[in-house]
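One structure below.
The values are calculated or read from the model by the stated rules, or taken from the named source; none is laboratory data. All of these numbers come straight from a predicted model, not from anything done at the bench. FYI the Cβ positions are ideal-geometry reconstructions off the backbone, even for glycines, and counts take in every protein chain you see. These accessible areas exclude ligands, DNA and RNA; they are computed on the full protein's heavy atoms, side chains included. Shrake-Rupley method; radii C 1.70, N 1.55, O 1.52, S 1.80 Å.
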Amino acid sequence: MLETKVCIVGAGPAGAAAALQLAQLGIECIVVDKAVFPRDKVCGDGLSGKVITALNRIDPAIATRLKEANFKVNSWGVTFVSPGRHSLDVGYRPDYNSNNTGHKETPIGYVCKRMDFDNFLVDEIKRRPEIKLLEGVTIDKYELKEDGYIVSGSNGFQVKAQLLIIANGAHSSFTKEVANITMEPKHYVAGIRAYYKNVSGNNADNFIELHFLKDLLPGYFWVFPLPNGEANVGVGVLSEAVRKKKMNLKKSMLDIIANDPVFKERFKNAELVSSIEGYGLPLGSKVRVISGERYMLVGDAAYLIDPFTGEGIGNGLYSGRIAALQAAEALKANNCSATQLAAYDAEVYRIMGPELKLSHRLQKLIKYPWLFNTLMKVSSRNKQLQELLSCMFYEVDLRKKLAKPSFYVKMLLNR
């Protein structure tokens with residue numbers, strides 16, 4: 001049996017962030033994943049400005065290597081399109097200007113296939129002697145003992161750890177059976193994704209596009225530009241609505257591409273170059289208990305996806321890093337109790353809570369097309385509102401901004 005202070009189950013962005021942050025703190029850990037990398041992950045493939053911010057905080061060298069990698073395209077923001085086709089461009093930084101994208105100081109986002117991004121993070125894990133990575137191991141048993149957890153899996157695998165970081169995604173058995181968090185259709189999005197080649201009309205600065213089309217509410221159709229003339233194209237709709245309306249998402253997506261006046265034109269020379277895959281997005285639209293006796297949940301296993309934009313990678317990296325910092329505190333205090341680890345929940349919701357709340361409010365607005373159209377019109381003329389939306393993709397900590405009375409005064413005065 002292997003022994004370690006921290007065992008991380010899952011080597012996706014959240015698990016990798018936790019492992020890399022622990023390595024920076026000089027704490028050894030074991031990371032276990034059922035896949036052998038590189039492996040595909042069905043996703044929108046968008047990396048907002050938060051990704052570089054998070055990697056910078058873990059280790060600036062990792063952020064630099066990502067900036068230099070050639071498997072991605074630079075993306076400078078998001079285009080929101082309301083049901084009435086009112087369009088709003090939001091840069092990944094409040095000072096975004098379409099004329100100064102060469103400005104070196106401006107943090108930017110990227111779009112790249114998850115197969116490439118997750119493999120990049122796994123390569124970073126392999127650089128670190130403090131991290132032992134075990135691929136191709138499926139965990140099927142978790143036993144809580146007085147002095148730690150015994151984790152068992154395929155091929156006779158066993159590890160004993162003082163502390164677990166659970167990072168194995170939306171369908172984590174640990175999340176369901178130990179943490180008692182279950183899928184609720186009003187806090188979960190059903191999504192499908194496909195890769196197309198030669199989609200026309202993309203933004204010159206590779207903005208990712210979210211189109212809140214009337215027939216998809218509360219959900220959207222997306223187009224994210226990728227390297228080599230490809231695009232990630234998909235549809236995401238609240239599971240509650242999918243059930244209620246008996247929607248067939250694949251049919252909805254193909255119907256939009258074939259018949260919508262705007263997309264029919266943009267896809268006329270496009271070619272489907274992949275299968276159409278489905279996946280689920282566990283939303284952070286509800287506060288949950290995401291830690292307990294000797295464990296913390298991170299990323300999708302902790303239900304932290306943005307309810308409005310569907311972004312999960314940035315939040316996954318942030319939660320992984322926070323979990324590693326809390327793990328260090330718990331190990332130092334020789335206390336991995338639920339009471340001690342509750343500080344993790346407090347920190348996650350302190351940092352990400354205001355943004356998740358704001359996104360949940362925006363998600364609710366989508367149900368009312370006239371209200372959403374009005375918001376888009378107002379936002380296109382209001383600098384403060386645009387800045388607020390920018391910060392959701394870059395700053396993460398919105399509390400400072402929302403706590404300043406001057407922010408609201410400026411917003412009302414449209415400055």
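Hey, which of these cross-link pairs are over 23 Å Cα-Cα: K197/K250; K72/K367; K186/K214; K67/K264; K72/K364; K132/K160?
K72/K367; K67/K264; K72/K364
Would you work out the relative contact order for the chain, in percent, from Cα pairs under 8 angstrom that are 6 or more residues apart?
Across the chain, relative contact order equals 22 percent.
Hey, what's the stretch 68-179 come to in accessible area per residue, 1.4 Å probe, Å²?
Heavy-atom SASA per residue in the stretch 68-179 reads 46 Å².
Taking H as built 1.01 Å from N, whose amide H comes closer than 5 Å to the amide H of S274, not counting residues under 5 places away?
Amide H neighbours of S274, under 5 Å, 5+ apart: Y195.
If we count every other residue with Cβ under 14 angstrom of N206's Cβ, Lys/Arg +1 and Asp/Glu -1, where does the sum land?
-4
Which residues' amide hydrogens lie under 5 Å from the amide hydrogen of S75, considering only partners 5 or more residues apart or on another chain, with H built in the peptide plane?
The answer is G109, Y110, V111.
Using the alpha carbon gyration tensor of the chain, what are the three equivalent-ellipsoid semi-axes (square root of 5 times each eigenvalue), largest first, in whole Å?
Values for the chain, descending: 35, 23, 21 Å.
Over all Cα pairs of the stretch 1-92, how is the pair count split among 10 Å bins, expressed in % and running from 0 up to the last occupied bin?
P(r) for the stretch 1-92, in whole percents per bin: 12, 34, 31, 15, 5, 1, 0.
Rounded to the nearest 5, what % of DSSP beta bridges with both residues in the stretch 1-145 are antiparallel?
Counting only bridges with both partners in the stretch 1-145, antiparallel ones make up about 55 percent.
Could you go through the stretch 25-33 in sequence order and give the Karplus-derived ³J(HN,Hα) for each residue, using 6.51 cos²θ - 1.76 cosθ + 1.60 with θ = phi - 60°, rounded to whole Hz, and x for Gly and Pro?
Going residue by residue, I get 8, x, 9, 6, 8, 10, 10, 10, 9 Hz, with x marking Gly and Pro.
Quick check: net charge around H171, other residues with Cβ under 12 Å of its Cβ, Lys/Arg +1 and Asp/Glu -1?
That works out to 0.
Which whole-percent values make up P(r) of the stretch 41-188 when all C-alpha to C-alpha distances are grouped in 5 Å steps starting at zero?
Answer for the stretch 41-188: a P(r) of 2, 7, 12, 15, 15, 14, 13, 10, 6, 4, 2, 0, 0 percent.
From the Cα gyration tensor of the stretch 353-392, with a ≥ b ≥ c the square roots of its eigenvalues, which class applies: rounded if a/c is under 1.5, or else prolate if a/b is larger than b/c, or else oblate?
oblate
What 222 nm value per residue comes from the helices of the chain, counting each DSSP H run with n ≥ 4 as -39,500 (n - 2.57) and dividing by all residues, nearest 500 deg cm²/dmol?
Per the formula, -12000 deg cm²/dmol.
Report the net charge of residues surrounding G84, where surrounding means a beta-carbon distance below 13 angstrom and charges are Lys +1, Arg +1, Asp -1, Glu -1.
+3
With a 10 Å cut-off between alpha carbons and a GNM built on the chain, which of E28, E329, E177 moves the most?
Highest fluctuation among the options: E177.
Using θ = phi - 60° and the Karplus curve 6.51 cos²θ - 1.76 cosθ + 1.60, what whole-Hz ³J(HN,Hα) does each residue of the stretch 94-99 get, with Gly and Pro shown as x?
x, 8, 4, 9, 4, 8
What are the ³J(HN,Hα) couplings of the stretch 195-205, residue after residue, when phi is run through the Karplus curve with 6.51, -1.76, 1.60 and θ = phi - 60°? Round to Hz, x for glycine and proline.
Ordered by residue, 3J(HN,Hα) equals 9, 10, 10, 6, 7, 9, x, 6, 5, 4, 9 Hz.
Of the accessible area of the chain, with the probe set at 1.4 angstrom, what percent is carbon plus sulfur?
Ligands and nucleic acids excluded, carbon and sulfur give 49 percent.
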